[in-house]
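A.B. asks: Sharing a structure with you now.
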Amino acid sequence: MTRSSLLDKRWYLYLTEFFSGMAVMAVELGASRLLAPYFSSSQIVWTIIIGTIMIAMALGNLYGGRAADRDHDPGRLYGRILISAVWIAAIPLLGKYIILAITGILVITVNTNFLIWAAFLACMVIFVFPLFLLGTVTPSLVKYSVNSLDNNGRIVGTLGAWNTIGSILGTFLPTFVTIPAVGTAVTFLLFSGILLVIAVVYFLTSGGKKTGVIISIVIFVLCSILGNSDSFAFWERDLTYEGESVYNYLQVRDTERATILSTNVLFGVQSVRMKGGGLTGMYYDYALAAPVMAGFSEKEHPSALVLGMGTGTWATQLKEYFPGVQAEGVEIDEDITRLARTYFALDEEIPVVTYDGRAFLQAVDTCYDCIMVDAYRDITIPFSMSSTEFFTLVRDHLNPGGVMVVNMNMRSDEEGNINEQLADTIAAVFPAVAYADVSGSTNRELFAAAGQETIDSLVAHAQSLAVGGDAKRAELAGMMAAVSGRMTAYEGGDYRLTDDKAPVELLGMRVIDSLIRDEIGIYKDSFKKEGLKGLLKAM
């Protein structure tokens with residue numbers, strides 16, 4: 001078959017359009033999963049990904065149209081597809097190292113908006129070039145397929161439809177099929193392989209350059225062998241589990257004392273199980289003040305709900321310190337619940353509903369003595385669970401005397417920071433609000449109740465816990481004494497977050513940027529004083 005006869009088969013051009021559209025969307029979704037463990041999966045990161053990819057596609061469209069007018073050889077287009085396929089295949093192998101290299105350079109050069117710059121530059125270096133090449137496909141195929149003004153509208157429309165259908169499949173397949181089943185790395189390789197086949201078939205049937213084809217296939221095979229790994233934390237050698245779900249990158253690791261879950265951000269701790277039981281030394285211990293305020297120790301079967309269950313750290317503590325409690329959780333990621341049962345010994349008697357926290361409250365009429373909101377992870381704060389409307393829902397699902405506790409991260413003294421805005425919003429719904437800053441971390445536990453007497457009851461309840469000689473009660477009483485010493489009443493201000501306006505991620509970015517700036521200050525100083533040697537020593 002000659003080159004011209006292959007192109008005369010218009011279905012092949014449509015297939016090229018179809019699979020290039022599919023690959024673009026698959027790479028975009030893969031980009032979000034590649035970046036999430038390092039920069040979070042926030043709306044800001046998604047904005048950077050979409051923006052840089054649209055820049056690449058726009059430039060590709062411009063270049064592709066001009067190139068097709070200038071040179072009518074379709075081999076140029078399929079050569080670009082071949083290069084794009086090889087580049088995408090190399091992303092699982094090299095992408096993680098590029099991200100770390102960019103981050104390392106920015107540590108010593110950037111003072112503000114660190115995450116934004118790091119995510120943007122990573123996107124530009126890793127994804128812009130291959131998607132620029134794929135952006136040349138549509139205008140080039142229009143040039144090769146339109147040979148008459150009589151049917152050009154129909155042909156262009158058909159090409160656009162094939163591209164759109166491919167894009168639709170490229171959106172759904174990675175999210176619901178390939179990433180959960182085989183991981184991000186293999187997803188890149190699968191869609192890269194499809195592009196490779198499209199280009200190779202063209203060159204083999206058109207008598208084109210065989211050397212480039214052979215080199216591309218060899219590189220693809222090498223990338224498939226060396227880059228076929230779902231490990232984002234490639235420096236770790238003793239992880240208990242590492243994988244991906246529809247929603248998250250998931251990592252479980254064991255230490256001598258605990259089992260730890262991290263999601264999306266490699267170095268964070270989202271859930272923990274103490275192998276010997278007892279207190280964790282983290283914010284969960286402070287949050288136990290909420291059931292104490294609600295009088296759990298005096299009730300036969302107090303009830304508690306955890307929105308953002310994770311692996312059940314807090315629910316497990318409730319069962320340990322309040323034996324009669326009826327605890328349940330809501331967790332949107334069922335794979336996390338599976339890990340909770342497998343690695344974190346979550347009691348089978350504690351039910352977990354796979355659902356969105358707010359949607360759950362809207363769907364049920366059950367009221368609870370205590371509700372914990374633990375759905376905020378760094379700048380990844382769901383706006384729908386930070387608004388006046390949401391906290392009104394929580395209040396309406398509390399029994400009389402019930403208490404809500406919200407785990408807030410990114411503590412800051414900056415005027416109008418995210419925690420201040422959340423606290424003002426909560427204070428507009430609940431008449432009594434207080435908070436306690438967690439020692440040794442940036443967490444703040446905020447407590448809200450229908451009456452000030454509930455907040456004030458912490459000290460009295462803590463003292464009563466110490467009576468009776470039970471070791472667990474005494475341990476809890478000691479923790480509550482520490483929390484009461486840190487408890488501060490909160491007077492609401494004028495900030496309000498609503499369903500219509502809740503810029504939580506921008507607010508969170510400001511705080512985390514400040515925290516990062518403080519953290520990396522030591523590395524900047526070491527670099528200034530001793531150069532690269534000092535930087536490496538500090539790291």
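The values are calculated or read from the model by the stated rules, or taken from the named source; none is laboratory data. As the structure is a prediction and not an experimental result, all values here were calculated from the model. All Cβ positions, even for glycine, are placed from backbone atoms using ideal geometry, and neighbour counts span all protein chains on display.
A.B. asks: Taking the residues in the range 99-153 that are β-branched (Val, Ile, Thr) and not in a helix (DSSP H, G or I) as candidates, determine which candidate is surrounded by the most Cβ atoms within 10 Å (Cβ to Cβ).
C.D. replies: Thr136
A.B. asks: If you don't mind, another one. List every residue pair whose Cβ atoms sit under 8 Å apart, with the two residues 6 or more apart in sequence or on different chains, where the first one lies in the range 33-62 and is without any contact (Cβ under 8 Å) to a residue 40 or more places away in the chain and the second, anywhere, is acidic (Asp, Glu).
C.D. replies: Pairs that qualify, where the first residue is without any contact (Cβ under 8 Å) to a residue 40 or more places away in the chain and the partner is acidic (Asp, Glu), are Ile50/Glu28.
A.B. asks: For the list (1) surrounded by 16 or more Cβ atoms within 10 Å (Cβ to Cβ); (2) in contact (Cβ under 8 Å) with a residue 24 or more places away in the chain, I need the number of the one condition that Asp69 fails.
C.D. replies: Unmet condition: (1).
A.B. asks: Is it the case that some residue within the range 338-347 is surrounded by fewer than 20 Cβ atoms within 10 Å (Cβ to Cβ), free of Cβ contacts under 8 Å to residues at least 40 places away in the same chain, within 18 Å of Pro302 (Cβ to Cβ) and in the same structural domain as Ser441 (by TED's automatic domain parsing)?
C.D. replies: yes
A.B. asks: On to the next question. Regarding Asp254, is this residue modelled with pLDDT of 70 or more and among the acidic types (Asp, Glu)? Break it down into steps so the answer makes sense when it comes.
C.D. replies: Details: modelled with pLDDT of 70 or more: yes; among the acidic types (Asp, Glu): yes.
In short, yes.
A.B. asks: Also, quick follow-up: Taking Trp11 and the conditions (1) surrounded by fewer than 19 Cβ atoms within 10 Å (Cβ to Cβ); (2) closer than 22 Å to Val201 by Cα; (3) in contact with a helix residue (DSSP H, G or I) (Cβ under 6 Å, 6 or more places away or on another chain); (4) hydrophobic (A, V, I, L, M, F, W, C), which numbered condition does it fall short on, given that it satisfies the others?
C.D. replies: Tallying (1) surrounded by fewer than 19 Cβ atoms within 10 Å (Cβ to Cβ); (2) closer than 22 Å to Val201 by Cα; (3) in contact with a helix residue (DSSP H, G or I) (Cβ under 6 Å, 6 or more places away or on another chain); (4) hydrophobic (A, V, I, L, M, F, W, C), Trp11 fails exactly one: (3).
A.B. asks: Just checking, does the range 289-306 include any residue being closer than 19 Å to Ile260 by Cα, of a type outside the set (Phe, Trp, Tyr) and assigned to a strand (DSSP E or B)? Can you show your working first?
C.D. replies: Keep residues of the range 289-306 that are closer than 19 Å to Ile260 by Cα, which gives 306.
Those still in the list that are of a type outside the set (Phe, Trp, Tyr) too: 306.
Narrowing the set further to residues that are assigned to a strand (DSSP E or B) leaves 306.
Checked the range 289-306: at least one residue is closer than 19 Å to Ile260 by Cα, of a type outside the set (Phe, Trp, Tyr) and assigned to a strand (DSSP E or B).
A.B. asks: Of Tyr286, Tyr247, which residue is among the hydroxyl-bearing types (Ser, Thr, Tyr), outside any strand (DSSP E or B) and touching a Lys or Arg at 6+ places or on another chain (Cβ under 9 Å)?
C.D. replies: Values: Tyr247 fails: touching a Lys or Arg at 6+ places or on another chain (Cβ under 9 Å).
Answer to the selection: Tyr286.
A.B. asks: Another question, if that's okay. Kindly indicate the residue of the range 315-332 that is over 14 Å from Glu475 (Cβ atoms) and of a type in the set (S, T, N, Q) and also surrounded by the most Cβ atoms within 10 Å (Cβ to Cβ) among those meeting that condition.
C.D. replies: Restricting to residues being over 14 Å from Glu475 (Cβ atoms) and of a type in the set (S, T, N, Q), the top hit is Thr316.
A.B. asks: Say we look at the range 365-379 and pick out the residues that are among the β-branched types (Val, Ile, Thr) and modelled with pLDDT of 95 or more; which of these is farthest from Met282 (Cα to Cα)? It would help to see each step written out before you state the result.
C.D. replies: Our first condition is that a residue be among the β-branched types (Val, Ile, Thr); within the range 365-379, this holds for 366, 371, 373, 379.
If we keep only those that are modelled with pLDDT of 95 or more too, we end up with 366, 371, 373.
On the way: Thr366: 29, Ile371: 18, Val373: 16 Å.
The selected residue is Thr366.
A.B. asks: Something else now. Would you say Gly402 is over 21 Å from the mean Cα position of the chain (by Cα), buried (at least 24 other Cβ atoms within 10 Å of the Cβ) and either closer than 22 Å to Gly508 by Cβ or assigned by TED's automatic domain parsing to the domain that holds Gly308 (or both)?
C.D. replies: Answer is yes for this residue.
A.B. asks: Just to be sure before I move on: is Gly281 over 19 Å from the mean Cα position of the chain (by Cα), on the phi > 0 side of the Ramachandran plot and modelled with pLDDT of 90 or more in the structure I sent? Give the derivation first.
C.D. replies: Working: over 19 Å from the mean Cα position of the chain (by Cα): yes; on the phi > 0 side of the Ramachandran plot: yes; modelled with pLDDT of 90 or more: yes.
For Gly281, the condition - over 19 Å from the mean Cα position of the chain (by Cα), on the phi > 0 side of the Ramachandran plot and modelled with pLDDT of 90 or more - is met.
A.B. asks: Check whether at least one residue in the range 184-201 is out of contact with any Leu (no Cβ under 7 Å at 6 or more places or on another chain), surrounded by fewer than 13 Cβ atoms within 10 Å (Cβ to Cβ) and in contact (Cβ under 8 Å) with a residue 12 or more places away in the chain, and report yes or no.
C.D. replies: No, every residue in the range 184-201 fails to be out of contact with any Leu (no Cβ under 7 Å at 6 or more places or on another chain), surrounded by fewer than 13 Cβ atoms within 10 Å (Cβ to Cβ) and in contact (Cβ under 8 Å) with a residue 12 or more places away in the chain.
A.B. asks: Right, another one. Go through the range 296-321 and give me each residue that's within 23 Å of Gln270 (Cα to Cα) and free of Cβ contacts under 8 Å to residues at least 40 places away in the same chain.
C.D. replies: Once the filter is applied, which keeps residues that are within 23 Å of Gln270 (Cα to Cα) and free of Cβ contacts under 8 Å to residues at least 40 places away in the same chain, the range 296-321 yields Ala315, Gln317, Leu318, Lys319.
A.B. asks: While we're looking at this one, here's another question. Working carefully through the options Ser457, Ser412, find the one that is touching a residue at least 60 places away in the same chain (Cβ under 8 Å), in contact with a helix residue (DSSP H, G or I) (Cβ under 6 Å, 6 or more places away or on another chain), part of a loop (DSSP other than H, G, I, E, B) and of a type in the set (Gly, Ala, Ser). Please lay out each step first, then the result.
C.D. replies: Numbers: Ser457 fails: part of a loop (DSSP other than H, G, I, E, B).
That would be Ser412, the only listed residue that is touching a residue at least 60 places away in the same chain (Cβ under 8 Å), in contact with a helix residue (DSSP H, G or I) (Cβ under 6 Å, 6 or more places away or on another chain), part of a loop (DSSP other than H, G, I, E, B) and of a type in the set (Gly, Ala, Ser).
A.B. asks: Quick test of your reading of the structure: Met293 fulfils all but one of (1) of a type outside the set (Gly, Ala, Ser); (2) buried (at least 22 other Cβ atoms within 10 Å of the Cβ); (3) over 19 Å from Ala481 (Cβ atoms). Name the failing condition by number.
C.D. replies: (3)
A.B. asks: Let me ask you something else. Which members of the range 41-58 meet the condition of being surrounded by fewer than 24 Cβ atoms within 10 Å (Cβ to Cβ) and within 16 Å of Asn248 (Cα to Cα)?
C.D. replies: Residues satisfying the conditions are Ser41, Gln43, Trp46.
A.B. asks: If you go through the range 315-348, how many residues are more than 24 Å from the chain's Cα centre (by Cα) and in a helix (DSSP H, G or I)?
C.D. replies: 6
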